Amino acid sequence: MKKTIDTAALVKEAAILTGGVAIIAAAVYFFLVPSHASVSSISGLGIVLANFVPLPLSAITMILNVVLLIIGFFTCGREFGVKTVYTSVMLPVFIALFERLFPDIGSLTDSQELDVLCYILVVSVGLSILFNRNASSGGLDIVAKIMNKYLHMELGRAMSLSGMCVALSAALVYDKKTVVLSILGTYFNGLVLDHFIFDHNIKRRVCIITEKEEALRRFILSDLHSGATVYESYGAYNMQKRREIITIVDKSEYQKLMNYMNQEDPQAFITVYTVSDIRYRPKV
């Protein structure tokens, strides 16, 4: 029975990863390639290199991905490496498929600016699917993941920083307008990833002083299935001793917690902070 469940989970995982890669490949081939922009991706760098190397974009992307894939496998862990092996292979496969099915395709929007905008929106959907499955499409995604892990940099910002170097490479081949579009596209691509895709990974540190302390503590532990810390605090005006409950929750838990407090104690004193990184080192 366990083997059947594992197989089903594996098939589901592969289907999700394949769908994410297909979306990214479509964004690259149908929007990035016609725009000639080099926006925050190895595929963008491949578009520039295709002007110097007599190989199709799919082959150049494969070669670049393999080099970075080896680095990512050793730095980001086995799970990240195994999944990204699959996605890194499938990305050039999908691009090669599009090259065969839609040879010499032109701009779908008849506008370089709209092509770049459509690329940013579509590729962000595919990238979010892969990142949320602890995977990557390869290339600069691996670089961003490494920067996120070791430099504690937000994924969108890491994508922007690493992508700027790629964007500037457009100056080797294309005109000033294309270079500017590449840089702006890379910047806005990072903003989209940060504010609209990875926002759900951000947690909130909620500090509450309430008359119904025990009921709130039970709610956090039993209903939210989260942890909490209780501190003794003193009011500066009359030095009255109170207890402050602090808990860290995700977006859905935060909504449940606020709904509970609005019903049980609307007069409670609550402060909320954004938490982007949590670390715990157990004693050995």
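The values are calculated or read from the model by the stated rules, or taken from the named source; none is laboratory data. In this text the structure is predicted, and so the values were computed from the model without any measurement. Heads up, the Cβs are rebuilt from the backbone with ideal geometry, glycines too, and the neighbour counts pull from every protein chain shown. Remember, those area values only see protein heavy atoms, side chains included, never the ligands or the DNA or RNA. Shrake-Rupley method; radii C 1.70, N 1.55, O 1.52, S 1.80 Å.
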Checklist entry - Under the condition of being under 23 Å from the mean Cα position of the chain (by Cα) and open to solvent by less than 50 Å² (accessible area, probe 1.4 Å), which residue from the range 163-181 is nearest to Leu191 (Cα to Cα)? => result Gly163
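Here are some residues: Val93, Val143. Which one is part of a helix (DSSP H, G or I), among the β-branched types (Val, Ile, Thr) and within 16 Å of Leu17 (Cα to Cα)?
Val93
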Next on the checklist: Being modelled with pLDDT under 80, more than 24 Å from Val53 (Cβ to Cβ) and small (Gly, Ala, Ser) is true for just one of Ala170, Ala158. Which residue is that?
Outcome noted: Ala158
Checklist entry - Which condition breaks for His152 when tested against (1) part of a helix (DSSP H, G or I); (2) touching an Asp or Glu at 6+ places or on another chain (Cβ under 7 Å)? => result (1)
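So which residues in the range 27-40 are on the phi > 0 side of the Ramachandran plot and crowded, with 23+ Cβ neighbours inside 10 Å, if there are any at all?
Across the range 27-40, the qualifying residue is only Ser40.
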Checklist outcome for this item: Here the qualifying pairs (Cβ atoms under 7 Å; residues six or more apart or on different chains; first in the range 247-268 and closer than 14 Å to Lys212 by Cα; second of a type in the set (D, E, K, R) and not in a strand (DSSP E or B)) come out as Glu264/Lys212; Asp265/Glu211; Asp265/Lys212
Checklist entry - Out of the range 232-274, which residues are open to solvent by less than 90 Å² (accessible area, probe 1.4 Å), of a type in the set (D, E, K, R) and not in a strand (DSSP E or B)? => result Asp250, Glu253, Glu264, Asp265
Checklist outcome for this item: Among residues of the range 41-90 being in contact (Cβ under 8 Å) with a residue 12 or more places away in the chain and among the charged types (D, E, K, R), the residue surrounded by the most Cβ atoms within 10 Å (Cβ to Cβ) is Lys83
Checklist outcome for this item: Subset of the range 226-272, residues among the small types (Gly, Ala, Ser) and under 33 Å from the mean Cα position of the chain (by Cα), comes to Ser226, Gly227, Ala228, Ser252
Item to check | Residues satisfying the stated conditions in the range 22-51, i.e. modelled with pLDDT of 80 or more and touching a Phe, Trp or Tyr at 6+ places or on another chain (Cβ under 6 Å) | outcome: Ala22, Ala25, Ala27, Tyr29, Phe31, Leu32
